Amino acid sequence: MASLNRRQFITAAAGSLILSVLPENATAAEVQKFVAVRYWPANAYTRVTLESTLPAQHAFSVEQNPQRIVLDIKNVKLQGVLETLPAKVLNRDPYVKKIRVAQHDRNTVRIVMDLKTAVEPQIFTLAPVANFKNRLVVDLYPASVADEEDPLMALLQDYRRGDIGSDGSNTHQKHSSDDILGDKIQDILAQENSKKSQGINHYQRKKRRIIVVLDPGHGGEDPGAVGPSGLKEKNVVLAIARETRQLLQAKGYKVYMTRNEDVFIPLRVRVAKARSVKADVFVSIHADASERSSARGTGVFALSQKGATSEAARYLAKTQNAADSIGGIIEKVGNKMVDNTLFDLTQTATINDSLKLGKIVLNLLGKINKLHQGRVEQAGFAVLKAPDIPSILVETAFISNPIEEQKLANQKFRTQCAKTITEGIDTYFRQGAALRG
Ligand SMILES: [Zn+2]
């Protein structure tokens, strides 16, 4: 058929039903084609993404006995990547037991997801962005959030209801941040550690432990920057954050992570998590990228209320803030108003503390890698917008630079990063930084 032009095709097809389903100006380019299917099982939620040349026409229902999601996609034939979906399901998926696909009728592909437990599905389409074509996204959240040990799931649920503002404020406020069992374990560890440590036990100077939130950038559908040999930022920064958490815990800090698995978490949910656990500091961990493969060096960034301190910082904030559209969120309208006067006063003090923390961390990082800039830079990073929590973003190295990509792939360098970030946070508090509350 490829050798026939359109007129010949119509002639060849004349008299057959196929003519009636061809739109007036149909060309080969307008035929719906699925080009990729991706699957991200995680505790927070499981995501299935179907990527196609045209927006997917779909309908779905939730069925019982057995629990399953039935998703119909119109105007498509079961072939290519769609057929690979069932084989992608992993045993460790908390929500999906099995996926089946079939040509339901002549123009409909039916995808049935058999479930392990009741879920709250969120199914939506995303317009093309970055390197992605059209996406049909199936997110499966737990139907009930019983696990209060980690507030993340509850926050994700609030986020989907539109209860979380861009500064991470949560109007729902029903979640107690304190995880009781985790507290007990961490208190015992802190007591053990304080016996070993000398001098002032500054972790408990306010009769409570200092709380650090670590934020490994990107995750799931959003890989972050990808190095020339394929190393993904999302994996590198998760490894560094996990190691940093261990080191901070060993020093008696209470540490939370915005993600501890390969999952996409929207930026404002990350901020909301830091606020919900009443963090004393928030440290986002990334690896930088540039179109110039020679660009290299470590950088530290803080929020700017006004303009960015450099074009590069503005560009970086823009690319980092794009994580939400790459990771795929439905933008809610009508976010809650904030009192801007109060917000500005708090924010100025917070930014000063962020710069103080940033300088300490940057100077220490200068001992393990060349610095990209000799100062903490500032721009409008969405993930640093908690008005009351000193927040910094660490660009550990340039993953786009072949030499620095090798460093980031190297366990030794990752450990150095973790040790240095830990030392920087510890120095900041030892120098008497104020705690919240
Ligand atoms: Zn990043």
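Values quoted throughout were computed directly from the atomic coordinates according to the rules given, and no laboratory measurement underlies them. Values in this document were obtained by computation on a predicted structure and should not be read as measured data. Note that we place each Cβ from the backbone using ideal geometry, even for glycine, and neighbour counts take in every protein chain shown.
General observations
- Using R0 = 25 Å, the C-beta based FRET efficiency linking residue 419 and residue 319 works out to 0.35.
- Measure of compaction for segment 33-142 (Cα Rg per 2.2 N^0.38 Å): 1.00
- Reduced Cα scattering model of segment 289-429, Debye log10 I(q)/I(0), q = 0.17, 0.20 Å⁻¹: -1.01, -1.28
- Distant-in-sequence amide H partners of residue 76 (H built 1.01 Å from N, under 5 Å): 108, 109
- Computed FRET value (nearest 0.05) for residue 294 with residue 427, which takes r as the C-beta separation and R₀ as 25 Å: 0.20
- Between residue 207 and residue 349, the modelled label-to-label distance comes to 2.1 nm, taking each label 7 Å out from Cα in the direction of the beta carbon.
- Zone of residue 226's modelled label, taken as backbone nitrogen in segment 252-269 under 18 Å from a point 7 Å along Cα→Cβ: 262-264
- For segment 344-357, Karplus couplings with θ = phi - 60° (6.51, -1.76, 1.60), whole Hz, Gly/Pro x: 5, 4, 4, 5, 4, 5, 5, 5, 4, 5, 4, 5, 4, 4
- Using alpha carbons only, the radius of gyration of segment 37-83 set against its Kirkwood radius gives Rg/Rh = 0.99.
- Residue 130-residue 435 FRET efficiency (beta carbon distance; Förster radius 45 Å; 0.05 resolution): 0.70
- Spacing of the two label points (7 Å from each Cα toward its C-beta) at residue 106 and residue 79, in nm: 1.6
- Sequence-ordered 3J(HN,Hα) estimates for segment 279-289 from the Karplus curve with 6.51, -1.76 and 1.60 and θ = phi - 60° stand at 5, 8, 9, 10, 10, 8, 10, 9, 10, 7, 8 Hz, glycine and proline given as x.
- Sparse packing (at most 11 other Cβ atoms within 10 Å of the Cβ) combined with a DSSP loop state is found for the following trypsin sites (Lys or Arg not before Pro) in segment 247-299: 292.
- Amide H within-cut-off set for residue 375, under 5 Å, with H built and near neighbours excluded: none
- When peptides 110-117, 218-225 are sorted by average Cβ neighbour count within 10 Å, with the highest value leading, the order is 218-225, 110-117.
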